[in-house]
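See below for the structure under consideration.
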Amino acid sequence: MDTDEELSDSWWERVKYYARLAIERLEDGVDAVKELLSTLTSDERCGVMLEFEDIDPNKFAQLVTDAPQWTEWMA
């Protein structure tokens with residue numbers, strides 16, 4: 001059994017879950033997305049934003065338009 005692969009799968013599933021939450025929270029405004037991201041590690045935040053863009057490019061574009069400083073949230 002390859003535990004590294006299991007951990008990787010688990011991490012990616014968590015990131016995908018948080019990406020879906022971020023998309024839902026965008027309805028409540030960019031501050032709601034920022035709040036969610038603040039609870040995650042920097043790796044998770046980056047993964048969430050990559051997945052967010054893949055899942056819903058239109059809402060990601062909306063986020064970028066509404067919060068052009070979103071990249072600062074990644075630090």
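How many nm separate the modelled label positions at ASP43 and ASP31, each set 7 Å beyond the Cα in the direction of the Cβ?
Taking the simple label geometry, ASP43 and ASP31 are separated by 3.2 nm.
Please give the helix 3-25 orientation as an angle from the longest Cα principal axis of the chain, in degrees from 0 to 90, rounded to the nearest 10.
Orientation of helix 3-25: about 20 degrees from the principal axis.
Could you put SER10, SER38 in order of accessible surface area, largest first, with the 1.4 Å probe and the full protein assembly present?
Working: SER10 55, SER38 85 Å².
Largest accessible area first, the residues go SER38, SER10.
Just one of [x] 1.07; [y] 0.97; [z] 1.12 is Cα Rg over 2.2 N^0.38 Å as worked out from the coordinates here. Which one is it?
Label [z] holds the value from this structure.
Compute the accessible area per residue over the chain, keeping the other protein chains in place, probe 1.4 Å, unit Å².
65
Can you compute the modelled spin-label distance between MET74 and TYR17, with each label point 7 Å from Cα toward Cβ, in nm?
In this crude label model, MET74 to TYR17 measures out at 2.4 nm.
Determine the share of the chain's accessible area contributed by carbon and sulfur atoms, expressed in whole percent, with a 1.4 angstrom probe.
Values: 2340 of 4860 Å².
Carbon and sulfur together cover 48 percent of it.
The values are calculated or read from the model by the stated rules, or taken from the named source; none is laboratory data. Bear in mind the structure is a predicted one, so any value in this text is a computation, not a measurement. Counting neighbours? That spans all protein chains shown, and the Cβs are built from the backbone with ideal geometry, glycine included. We work out accessible area using only protein heavy atoms, side chains counted, and drop any ligands, DNA or RNA first. Shrake-Rupley method; radii C 1.70, N 1.55, O 1.52, S 1.80 Å.
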